[in-house]
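To keep things clear, I will list the structure first and then write my remarks on it.
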Amino acid sequence: MSESPFKGKTGAKRVLNALGYSIDGLKAGWINEAAFRQVSLLAIIGIPLSFFLAMPAWAHAIVVASHLVTMIVELLNSAIEAAVDHTSLAKHDLAKRAKDLGSAAQLVCLFNLAAMWILALLA
């Protein structure tokens, strides 16, 4: 098995390249994925809102972490969808399963986010 030619970079050059790829990923998520924009806007509203509400520090922490995890899972779900679509646009049971599993992961995250908000508000 041969390695990717991009794996040879090390040190500061690798870190800078990785940062650039990450920024490109965030831009692609924002531009191409409505669901990522939605969970991002939810976080942009929800995170600051949590600091205006009377909550203990741990409650702020779980609300912030839950919003960030929801954004992360949406990026991963979008990556799965893009990889599956790149492989083939034909309908296939495994492609459907991959996309459905990614969607289910995001649904679990959204349920978790709602539960953490409820827990934080009841604290």
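Only the coordinates and a few stated rules stand behind these numbers; no lab work does. Since this is a predicted model, take the numbers as computed values, not measurements. Heads up, the Cβs are rebuilt from the backbone with ideal geometry, glycines too, and the neighbour counts pull from every protein chain shown.
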Point to revise | Qualifying positions in segment 110-123 - in contact (Cβ under 8 Å) with a residue 24 or more places away in the chain and either closer than 21 Å to Val39 by Cα or assigned to a helix (DSSP H, G or I) (or both) | key: Leu110, Asn112, Leu113, Met116, Trp117, Leu119, Ala120, Leu121
Exercise for review: Would you check if there is a residue in segment 89-109 being touching a helix residue (DSSP H, G or I) at 6+ places or on another chain (Cβ under 9 Å) and touching a residue at least 40 places away in the same chain (Cβ under 8 Å)?
Suggested key: yes
Practice item. Test each condition in (1) closer than 23 Å to Val63 by Cβ; (2) out of contact with any Pro (no Cβ under 8 Å at 6 or more places or on another chain) for Ala123 and report the one that comes out false. Key: (2)
